[in-house]
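The values are calculated or read from the model by the stated rules, or taken from the named source; none is laboratory data. This is a predicted model, so every value here is computed, not measured. Heads up, the Cβs are rebuilt from the backbone with ideal geometry, glycines too, and the neighbour counts pull from every protein chain shown.
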């Protein structure tokens, strides 16, 4: 779960004991990327391509879709000028200048060729039908206010990832989102004042008691407790 690193969390955290991935597998690094203006190319015109296009557009990417036929949703995006369309089969050389490539056709050999071309051109690549062949996968992402929650299964089950995302989002009430806004304001004020608190201090200040106050609708009291905890460290 990410809130854009607003509370000063450490950039790297060890995998908690007891939940290590099976067989010593590498844990993927989830990043919140600003894709504003980045050239992203999607090869494929079906439902998967449409979902990826909408995700990339929401992140500000400049999206080009290459496909001989389009799902209705992609066709609508093209008519609205939200994506650039090359309505034809993929050809070698179509990825020039791409920063991120998504291979999402229904043909295994085409996706493999797109992945190889993307790597040869220095672009990151997501391979929809074979996640292990790509550099990245897209987690199931949900947004509520400033909160961004991402659930990833390393390509194991996108459907289950989306179900878990929805369940987790449903547990986060409006009062906690209101607290997040207050915490963001407090953190900004502390930084302006030259007070930089360690991640452990933020976690202590946002202890269960603080969260319980917010969940009980006492957001003002939760903010006051947070400020007092930070002030005690500084005094």
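Checked against (1) surrounded by fewer than 18 Cβ atoms within 10 Å (Cβ to Cβ); (2) in a helix (DSSP H, G or I), residue 187 passes all but condition (1). Evaluated against (1) surrounded by 16 or more Cβ atoms within 10 Å (Cβ to Cβ); (2) touching a strand residue (DSSP E or B) at 6+ places or on another chain (Cβ under 9 Å); (3) modelled with pLDDT under 95, residue 66 falls short on exactly one condition, (3).
Just one of the listed residues (112, 98) is assigned by TED's automatic domain parsing to the domain that holds residue 49, under 21 Å from residue 47 (Cα atoms) and surrounded by 15 or more Cβ atoms within 10 Å (Cβ to Cβ), namely 112. Considering only residues of segment 148-162 that are in contact with a strand residue (DSSP E or B) (Cβ under 8 Å, 6 or more places away or on another chain) and modelled with pLDDT of 90 or more, which is surrounded by the fewest Cβ atoms within 10 Å (Cβ to Cβ)? Going through the qualifying residues, I end up with 148.
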